[in-house]
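The values are calculated or read from the model by the stated rules, or taken from the named source; none is laboratory data. From a predicted model like this one, the values you see are computed outputs, not experimental measurements. We place every Cβ from the backbone using ideal geometry, glycine too, and count neighbours over all the protein chains shown. Protein only, heavy atoms only, side chains kept; ligands, DNA and RNA dropped before computing areas. Shrake-Rupley method; radii C 1.70, N 1.55, O 1.52, S 1.80 Å.
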Amino acid sequence: MKCYYCSDIHGHHDVLKQLEEKIIKENDDFKWFILGDLIDDGGNSFETLNNAYKLQKKYGKEKVFILRGN
């Protein structure tokens, strides 16, 4: 199993989508930790936050962990 970590996406929805494509393409058995600072600065805060929760729903809370804030 591979573990992936990302943080400070700051509303860059396109970056979150690119990470999803890379992680899913590389393997089926993974844990992905999204470590806060999902909104602000990037201009697409709502889409970014919404997509993060969709990822959790799609792959399961046991695979996608979301920490809000800093």
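Restricting to region 14-39, what's the tally of residues that are open to solvent by 50 Å² or more (accessible area, probe 1.4 Å) and touching a helix residue (DSSP H, G or I) at 6+ places or on another chain (Cβ under 8 Å)?
Qualifying residue count, region 14-39: 2.
Show the residue pairs that are 6+ apart or on different chains and have beta-carbon atoms under 6 Å apart, the first residue being within region 26-38 and modelled with pLDDT of 85 or more, the second being surrounded by fewer than 17 Cβ atoms within 10 Å (Cβ to Cβ) and of a type in the set (D, E).
Here the result reads D37/D8, each pair linking region 26-38 to a residue that is surrounded by fewer than 17 Cβ atoms within 10 Å (Cβ to Cβ) and of a type in the set (D, E).
When you scan region 40-60, do you find a residue that is modelled with pLDDT of 90 or more, open to solvent by less than 70 Å² (accessible area, probe 1.4 Å), in a strand (DSSP E or B) and under 15 Å from C3 (Cβ atoms), even just one?
No: region 40-60 contains no residue that is modelled with pLDDT of 90 or more, open to solvent by less than 70 Å² (accessible area, probe 1.4 Å), in a strand (DSSP E or B) and under 15 Å from C3 (Cβ atoms).
Could you check, for region 61-68, whether at least one of its residues is surrounded by 12 or more Cβ atoms within 10 Å (Cβ to Cβ) and either in contact (Cβ under 8 Å) with a residue 60 or more places away in the chain or part of a helix (DSSP H, G or I) (or both)? Step through it out loud before you land on a result.
Step one: filter region 61-68 for residues surrounded by 12 or more Cβ atoms within 10 Å (Cβ to Cβ), giving 63-68.
Now narrow it down to the ones that are either in contact (Cβ under 8 Å) with a residue 60 or more places away in the chain or part of a helix (DSSP H, G or I) (or both): none.
No, that holds for no residue.
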